[in-house]
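What follows is a set of notes on a single structure, which appears directly below.
Every number in this text was worked out from the coordinates using simple rules, so none of it is lab data. Please read all numbers here as calculations on a predicted model, not as lab measurements. Cβ placement follows ideal geometry from the backbone for every residue including glycine, while neighbour counts extend to all protein chains displayed.
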Amino acid sequence: MKRQGMLPNIVRHSFVVEKVAVFLARALTKSGQFLNLSEISAAALLHDITKTRSIKTHENHALTGEALLKRVGYPRIGEIVRYHIEIPARIIKGPISPEEIVNYADKRVLHEDIVTLKERFQDLINRYGVTQVACFRLKKLEKQSYQIERKIFTEIDFSPETLPTLIEKK
């Protein structure tokens, strides 16, 4: 994170995303899912590894993050990072994946606060919904996020609404 010059607010956001992702992964593991917690932790921490740079260059930070992580010897973490913004349908159709957990955790963290998907997407639309195309894309991502939320929470014994209070107790 330091080597990539990540802005402090992006680092803080990444630590909260990691906390949410690992919490969910542990709950899913208890329910019988087979997940690699180390992969999920690393990918959640590094999901925005090139975001600071992309603010200036306007690159897709999911793709540049994947490329960087592959280049430094972490191809699997790079694959997960690649899908932290949008996940292909083929992954959603399969068993719960690290990609979905990191993607969903990122969608639940607004800056450093754990919020609902509705709150998170309202903020995204306010900040990035400057064109009709951008708004359409964000609405598509929001729909996908609710699909992932349903998939995750059918496997665990608490609701999306209780997530912030459960994590704060830890």
Residue-ordered couplings for region 85-96, obtained by feeding phi - 60° into the Karplus form 6.51 cos²θ - 1.76 cosθ + 1.60 and rounding to whole Hz (Gly and Pro as x), are 9, 9, 10, x, 4, 4, 6, 5, 6, x, x, 4
So K30 and T57, fully extended at 0.36 nm per residue minus their Cα-Cα distance, gain in nm 5.5 nm
Everything considered on the Cα gyration tensor (a ≥ b ≥ c; rounded for a/c under 1.5, else prolate if a/b is larger than b/c, else oblate), region 12-89 must be described as prolate
With Cα springs under 10 Å, the Gaussian network model of the chain assigns the largest mean-square fluctuation among I125, I92, I55 to I55
In Å, the Kirkwood hydrodynamic radius from C-alpha pairs for the chain sits at 16.1
Mean Cβ-within-10 Å packing, highest first, puts peptides 157-164, 141-148 in the order 141-148, 157-164
The extension gain from R90 to V72, computed as 0.36 nm times the residue separation minus the Cα-Cα distance, is 3.8 nm
Taking 0.36 nm per residue of separation between V133 and S159 and subtracting their Cα-Cα distance, the length gained on full extension comes to 6.1 nm
Restricting to lysines and to Cα separations under 26 Å from K51, and discarding same-chain partners fewer than 8 apart, the set is K2, K19, K70, K107, K118, K139, K140, K143
From DSSP H assignment alone, runs of 4+ in the chain each adding -39500 (n - 2.57), the sum over residues rounded to the nearest 500 puts [θ] at 222 nm at -20500 deg cm²/dmol
Under a Gaussian network model of the chain whose springs join Cα atoms within less than 10 Å, the largest fluctuation of R53, R71, R12 belongs to R71
